[in-house]
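Read the figures in this text as sums done on the coordinates, not as results from a lab. Not measured: the values here are computed from a predicted model. Heads up, the Cβs are rebuilt from the backbone with ideal geometry, glycines too, and the neighbour counts pull from every protein chain shown.
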Amino acid sequence: MVKKESTLIIKTIECELKEVAKQVETEIMQLFPPLLSYDLMTGNKRYISHDFDPPWDHSGTLISCSTNVNFNLADYEKVGDFLEEYTGNSVATYISRHGLFHETYRDKYSEWFEEQYRNAHYDYFNKLGNEVLELLAMEIYDKDYLEQNGNDTNYLINELIDEVEEFEDMAFLHAEDLCSKISEMDLLLVYKLGEPEAKERLLQEQIKIENVIRQMSDEKDVFLKRWHLLEKSTD
């Protein structure tokens, strides 16, 4: 049972966690357009075919509609329309008759949103400092709590989040709510917002690839020269 002495601290933390969630939403909304634009520029449209399903599994196989052809912006009115497309990633489910799960962009971004919220939630508690965390632990549990459980900060944070209703990790619900909001946005508008940064990312990736190819070519030339000298020395 929570004692009166810690009630004010808990209420303060509850209010600050709400502000943390708002800040995370703001940050995601700034980061999302370039990520979406990049996916639209680089991804391929896919569909699930069941033509090759064995009798014991009906997962289907992801098939690309056409090679080296990216998504057509005109096919999507809202962001949510695009989020139903497949990323191309498939993971084992270990579920009978449905052994593979084919990831959509909604799955991909929802998971990323949730990760951002959860990281911020736990970072907040880490920044509170041991003094506040230990005070709460001793008042919520008992004065012998620290002696019995040690001073493991991560363990203590997890214990408090599980124990105190106001500290509950709401990352999943926040992520689902934000995904619903983003789904209703105009896709072309979001794409245009993120297009410059996405193009710069593609450019930097191309430069990196060219540098790697150049380095490999240089290393090959050096090797061949040394090999040629070695052959001469053994003649």
Legend entry - Cross-link reach list, aspartates and glutamates versus LYS181, counting only Cα pairs under 14 Å and skipping chain neighbours closer than eight places: GLU25, ASP81
Inset, instruction - Work out how much length ARG97 to LEU224 would gain on full extension: take 0.36 nm times their residue separation and subtract the Cα-Cα distance, in nm to one decimal. - result: 40.3 nm
Inset, instruction - Note the angle between two axes, namely the Cα long axis of helix 171-183 and the longest principal axis of the Cα atoms of the chain, as a number of degrees from 0 to 90, rounded to the nearest 10. - result: 50 degrees
Inset, instruction - Take the Cα radius of gyration of the range 4-183 and divide it by 2.2 N^0.38 Å, with N its residue count; two decimals is plenty. - result: 1.40
Legend entry - Exposure proxy order (Cβ contacts within 10 Å, fewest to most) of VAL132, VAL212: VAL212, VAL132
Inset, instruction - Determine the relative contact order of the chain: mean sequence separation of Cα pairs under 8 Å and six or more apart, normalised by residue count, in whole percent. - result: 27 percent
Legend entry - Between helix 4-42 and the chain: long-axis angle, C-alpha atoms, 0 to 90°, nearest 10: 10 degrees
Legend entry - Cα-based equivalent ellipsoid of the range 80-143: semi-axis lengths in Å, sorted from largest, via gyration tensor: 40, 17, 8
Legend entry - Between 0 and 90°, nearest 10: helix 130-140 axis offset from the chain longest Cα axis: 50 degrees
Inset, instruction - Divide by every residue of the chain the summed helix terms, -39500 (n - 2.57) for each DSSP H run of at least 4, and state the resulting mean residue ellipticity at 222 nm, rounded to the nearest 500 deg cm²/dmol. - result: -22500 deg cm²/dmol
